Amino acid sequence: MSSSLSTTISTPTLKYEQPTGLFINGEFVKGVENKTFETVNPHDEKPIVAVHEATEKDVDIAVAAARKAFETSWKQTTPSDRGRLLTKLADLLERDADILAAIESLDNGKSLFFAKVDVANSAGCIRYYGGWADKITGQTIDTDPDNLTYTKHEAIGVCGQIIPWNFPLMMWAWKVGPAVAAGNTVVIKTAEQTPLSALYAAKLVQEAGFPPGVINVISGFGRVAGAAISAHMDIDKVAFTGSTPVGRTVLQAAAKSNLKKVTLELGGKSPNIVFDDADIDNAISWANFGIFFNHGQCCCAGSRILVQEGIHDKFVQRFKERASANKVGNPFDKDTFQGPQVSKLQFERIMGYIDEGKKAGAKVLVGGERHGEQGYYIQPTVFTDVTQDMKIVQEEIFGPVVCVQKFKTEEDAIKIGNSTTYGLAAAVHTSNVNTAIRVSNELRAGTVWVNNYNMLHYQAPFGGYKESGLGRELGSYALENYTQVKTVRIRIADALF
Ligand code: TXE
C-alpha cells in the first residue's frame, strides 16, 4: 500500500508500513509547503522512500500544538498516568522491535544485531523514565518557625529537540523519555539522513494514547527546521545532539532569541588508555569495540588508543589481527559487525581524514581504503606513528579510524589523554585498582570506563566536559534538564511589620 503519508517498505527480513508524514498534534500530515526529501540506503546508495519535510511554518504549527497540549491535556494528566503512557509506549516499542531494528539497519546501515540492541535500549530508556514520572519531588525546607518553605520541580514547557543519525531511535528515546516524564511537551526533529524509525515510533505514540500535541515528530533539515527550533520564541528549552560547531549555533540562537535553556551533547576524541598490567586480551577486545562499534559513529568512540611502552608492540601486533578480522558487510548479513557509514558526505569526510593522516606521515597499520565498490563502506583503519599535532589525533573523525600512541608513565597518559578540546569519555585498562581510580580522577571526561568501553546505561548520566557539551542526559540527572525549581514560602505566623 502506498499513500502520500505512508508506504509499504520491504526489507531483507520483513515488510512493514512506514509513515512518511510529519507527526503533529497526534496526526500524520503533509508539510505546509508540501516538500519532500529522500532518505538513502547507505548499503546500496539507493533512495528508500521520500518523507515530508518540515519548514519554519511546520515548526510553528508543531510548537503551537505542543503549547496547547502543555497548557491543557498534559497539565491535567496525573504523573502516574504519564508514567503509564510511557510504559505502554515501551511495550509497543518492544512488540515491534523486529520492525524497528530492520528500519535502523536499512536507514542507518548498522548491523541488524546491534540495531536490535538499540531498540531494546530505547524501550528500556522509555520504560525507565515512565518509572520516574510520579517520583519527581521537591523539598520542604525548615527555614524558621514562622514560614513553611517548599520547592516544586515543575515542567519547563515546550521542548525543542534536535537529534543526529548515529543512533536514530535511541537518541529519540533519550530525549523524549525524560522530557515527557517530567510533564513537558516536545517537538523533536530527526536527522535528515535517518528519519524513518522515529516516524514509526510516532505511530506507536498514537497507539499508546498520548494526548495530541504532547510528542510531535518532524523530519527536516538542520538549517531550516533545526534553526527554526533553536531560534523559536515559544520554545522554552532546546536539547541538541550533534557536531560541536552546530552546538555553538544552537546556543547562540537561544541567546539571541528568548534565552531558552540549552543542553548540548557534542563530539569527542576519547582516549582509551591501556597500562602494562592490563589483561591484554580484554583490552584488545574493548579497544576494538571502543572504536569500531557502530562504525566509529559514536560521540564517545575510543578514537585514541594510548598504550604503555612495555606492551605497546605486542598490543599493536595483536590489535592489527583483531581489527582486520572485523566482518564488514551488508547490515542484514548474519555476523556482520561493521556496516556502511551513514551517508556519502560522512564517507567522504572520513576518507578525507584518512588521506590527511597518510599525507601527514602516519603509518597505516590496517585498512586505509574504501571497502568494496558500492555502498559507503570503509575498511577498519588503524594508524600508528602519529604525532600529537596531527589532525587525525586532534579532530573527531566519526568513522572506523583509530590512532595508537605509545606512552611511558601514568602522568604522560593523563597528559596526552586530556590534550584535546573534547572531554566526553575515556577508559582505563589496568589490573591495579589504585591506578584505575587515580587515573579516572584525573581524566577530564564525563564518563570513564574501567576495563570496558562504550558500556552506557540509561540509568547512568552521560555528557561532556569541555567542548563536548553542556548538561547531562540519562539517569535522574536528565530530569534536571527538564524541570525548573519553584520556591514557595508561606507565612504561618502573624504579620511581622
Ligand atoms: O552533524 P550536525 P552532521 C559530529 C561528527 C560528524 C559531524 C558532522 O563529528 O562527523 O558531527 O555530522 C541538525 N541548527 N556528530 O553534519 O550537522 C541536523 O539536521 C539546528 C557528533 O550530521 O551537527 C541534525 O538533526 N540544527 C554527534 C543534527 O543537527 C542543525 C552525532 C546533527 O547534525 C543545524 C552526529 C542548525 N544550523 C554528528 N545544522 C554526536 N555527538 O553523537 C544541522 N542541524
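The values are calculated or read from the model by the stated rules, or taken from the named source; none is laboratory data. Small disclaimer: the values here were computed from a predicted structure and weren't measured. Glycine also receives a Cβ, built like all others from the backbone with ideal geometry; neighbour counts cover every protein chain displayed. Each accessible area value is taken on the protein alone, full model and side chains, heavy atoms only, with ligands, DNA and RNA left out. Shrake-Rupley method; radii C 1.70, N 1.55, O 1.52, S 1.80 Å.
If I filter the stretch 154-161 for residues that are within 16 Å of the ligand (Cβ to nearest atom) and of a type in the set (A, V, I, L, M), do I get at least one hit? No. For the stretch 186-204, the set of residues classified as outside any helix (DSSP H, G or I) and more than 11 Å from the ligand (Cβ to nearest atom) consists of Val186, Val187, listed by residue number. Answer yes if at least one residue in the stretch 422-431 is touching a strand residue (DSSP E or B) at 6+ places or on another chain (Cβ under 7 Å) and without any contact (Cβ under 8 Å) to a residue 60 or more places away in the chain, and no otherwise. No, the stretch 422-431 contains no residue that is touching a strand residue (DSSP E or B) at 6+ places or on another chain (Cβ under 7 Å) and without any contact (Cβ under 8 Å) to a residue 60 or more places away in the chain. Scanning the stretch 188-242 for residues that are more than 20 Å from Tyr16 (Cα to Cα) and in contact with a Pro (Cβ under 8 Å, 6 or more places away or on another chain) turns up Thr190, Ala191, Thr241, Gly242.
Just for the stretch 296-322: of the residues that are touching a helix residue (DSSP H, G or I) at 6+ places or on another chain (Cβ under 9 Å) and within 16 Å of the ligand (Cβ to nearest atom), which one is farthest from Leu456 (Cα to Cα)? Filtering first and then ranking leaves Arg304.
With respect to Thr263, is the statement that it is near the ligand (Cβ under 8 Å from one of its atoms), in contact with a strand residue (DSSP E or B) (Cβ under 6 Å, 6 or more places away or on another chain) and in contact (Cβ under 8 Å) with a residue 60 or more places away in the chain true?
Numbers: near the ligand (Cβ under 8 Å from one of its atoms): no; in contact with a strand residue (DSSP E or B) (Cβ under 6 Å, 6 or more places away or on another chain): yes; in contact (Cβ under 8 Å) with a residue 60 or more places away in the chain: yes.
No.
With respect to Ala133, is the statement that it is free of Cβ contacts under 8 Å to residues at least 60 places away in the same chain, open to solvent by less than 10 Å² (accessible area, probe 1.4 Å) and within 30 Å of Ile291 (Cα to Cα) true? Give the steps one after another, and end with the answer.
Working: free of Cβ contacts under 8 Å to residues at least 60 places away in the same chain: yes; open to solvent by less than 10 Å² (accessible area, probe 1.4 Å): yes; within 30 Å of Ile291 (Cα to Cα): no.
In short, no.
Considering the conditions (1) touching a residue at least 24 places away in the same chain (Cβ under 8 Å); (2) open to solvent by 10 Å² or more (accessible area, probe 1.4 Å); (3) under 30 Å from Gly138 (Cα atoms), Asp494 is excluded by exactly one of them, (1).
Across the stretch 323-355, the number of residues qualifying as within 14 Å of the ligand (Cβ to nearest atom) and either under 16 Å from Val402 (Cβ atoms) or open to solvent by 40 Å² or more (accessible area, probe 1.4 Å) (or both) comes to 9.
If you go through the stretch 356-365 and keep only what is open to solvent by less than 10 Å² (accessible area, probe 1.4 Å) and among the acidic types (Asp, Glu), you end up with nothing.
Glu207 falls short on exactly one of the conditions (1) more than 23 Å from Thr483 (Cβ to Cβ); (2) within 16 Å of the ligand (Cβ to nearest atom); (3) part of a helix (DSSP H, G or I); (4) among the charged types (D, E, K, R), and that condition is (2).
Give the residues of the stretch 413-423 that are among the β-branched types (Val, Ile, Thr) and either open to solvent by 40 Å² or more (accessible area, probe 1.4 Å) or assigned to a helix (DSSP H, G or I) (or both), sorted by residue number. If the condition is that a residue be among the β-branched types (Val, Ile, Thr) and either open to solvent by 40 Å² or more (accessible area, probe 1.4 Å) or assigned to a helix (DSSP H, G or I) (or both), then Ile414, Ile416, Thr421 are the ones that fit.
Can you confirm whether Lys175 is assigned to a helix (DSSP H, G or I), open to solvent by 10 Å² or more (accessible area, probe 1.4 Å) and more than 9 Å from the ligand (Cβ to nearest atom)? Talk me through it step by step, then tell me what you get.
Values: assigned to a helix (DSSP H, G or I): yes; open to solvent by 10 Å² or more (accessible area, probe 1.4 Å): no; more than 9 Å from the ligand (Cβ to nearest atom): yes.
Spelling it out, it is not the case that Lys175 is assigned to a helix (DSSP H, G or I), open to solvent by 10 Å² or more (accessible area, probe 1.4 Å) and more than 9 Å from the ligand (Cβ to nearest atom).
In the list Ala478, Ala426, which residue meets the criterion of being on the phi < 0 side of the Ramachandran plot, under 16 Å from the mean Cα position of the chain (by Cα) and not in a loop (DSSP other than H, G, I, E, B)?
Values: Ala426 fails: under 16 Å from the mean Cα position of the chain (by Cα).
One residue alone meets the criteria, Ala478.
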